[in-house]
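The values are calculated or read from the model by the stated rules, or taken from the named source; none is laboratory data. Computed from a predicted model, the values in this text were never measured in an experiment. Neighbour counts run over all protein chains shown; Cβ positions are idealised from the backbone, glycine included.
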Amino acid sequence: MAGSIVLFGPPGAGKGTQAGKIVEITSKPQVSTGDMLRAAVKLGSPMGLAAKEYMDAGLLVPDEVIIGLIQERLQEDDADQGVLFDGFPRTIPQAESLEKIATVSSVISIEVPDDAIVDRIVGRRMDPETGEIYHVQFKPAPPEIEGRLIQRPDDNEETVRSRLEAYHNQTAPLADWYSDRGLLIRIDGNASIKQVGVSVERAISRIL
Ligand code: AP5
């Protein structure tokens, strides 16, 4: 299938958790703006340091920074047949810019109510060696790697409230924007990781 897929949803909806399955089925590379920004923060580049202030406050990084990152990423060879966007676009100006440089064939929206989000974010842990995402309650890590797990600095209750506010004010309107274009597929994300995975597979089989 030509064109890119957008994985859409609030913070902690399970986009990163489900992305691997979509990559496996479609062979499209995952392009996560959150991961790209965290890599820039780790490098200590001027852009990374500026982005960190927004991320730590739970605010969206300015559109021009994000659009620049995406333009650069889409020039790489592996993006030829489209990619899986994870966490992008997050504003209508980002979607409008994307429309000019790539074709979006479908948008999979993982829908989760706010009250489930806080528990998911606060309990999230990541394995820095493999990038695998765990959860203290919903997806415990094997005991032998527990000691090396890390928690993202923005995964605390205070920041998650700002992230949810940013989501509702700036990102959620994109659902109607994509729905008006006939591209939106809604998935109930308020279910177990396994059940959401089944819904994601069904959605992908409809669009392949
Ligand atoms: P980003 O890294 O994209 O964070 P996010 O959108 O807030 O999404 P998350 O990574 O928090 O959640 P996810 O949906 O991937 O959930 P996950 O699968 O890990 O962005 C970080 C920051 O960067 C932003 O705040 C912003 O500042 C900036 N940024 C990034 N992109 C930007 C853009 N385009 N424009 C402007 N700024 C941008 O799951 C969460 C947890 O729940 C895990 O522990 C998992 O194990 C668990 N879990 C998953 N599914 C389930 C389930 N079904 N049941 C129970 N638990 C589950």
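General observations
- Sub-6 Å Cβ pairs linking a first residue in region 37-59 that is under 21 Å from residue 157 (Cβ atoms) to a second residue that is modelled with pLDDT under 95 and among the β-branched types (Val, Ile, Thr), at least 6 apart or interchain, number zero.
- Which listed residue is touching a Gly at 6+ places or on another chain (Cβ under 7 Å) and basic (Lys, Arg), from 125, 202, 120, 186: 120
- Of all positions in region 78-91, none carries a residue that is crowded, with 17+ Cβ neighbours inside 10 Å, in a helix (DSSP H, G or I) and either of a type in the set (Gly, Ala, Ser) or more than 11 Å from the ligand (Cβ to nearest atom) (or both).
- Once region 18-47 is narrowed to residues that are more than 14 Å from the chain's Cα centre (by Cα) and either among the hydrophobic types (A, V, I, L, M, F, W, C) or part of a strand (DSSP E or B) (or both), the residue that is surrounded by the fewest Cβ atoms within 10 Å (Cβ to Cβ) is 43.
- Complete set of residues in region 113-140 that are among the hydrophobic types (A, V, I, L, M, F, W, C), closer than 20 Å to residue 8 by Cα and near the ligand (Cβ under 8 Å from one of its atoms): 116, 121, 133
- Candidates 110, 70 - the one that is part of a helix (DSSP H, G or I), within 25 Å of residue 54 (Cβ to Cβ), within 11 Å of the ligand (Cβ to nearest atom) and modelled with pLDDT of 95 or more: 70
- Region 74-88 residues that are among the acidic types (Asp, Glu), paired with ones that are in a loop (DSSP other than H, G, I, E, B) (beta carbon under 7 Å, 6 or more apart): 78/29
- If you go through region 117-138 and keep only what is buried (at least 16 other Cβ atoms within 10 Å of the Cβ) and within 23 Å of residue 22 (Cβ to Cβ), you end up with 117, 120, 121, 124, 125, 126, 127, 132, 133, 134, 135.
Per-residue answers, yes or no, for (1) of a type outside the set (S, T, N, Q); (2) within 14 Å of the ligand (Cβ to nearest atom):
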| position | (1), (2) |
| --- | --- |
| 163 | yes, yes |
| 175 | yes, no |
| 192 | no, yes |
| 198 | yes, yes |
| 203 | yes, no |
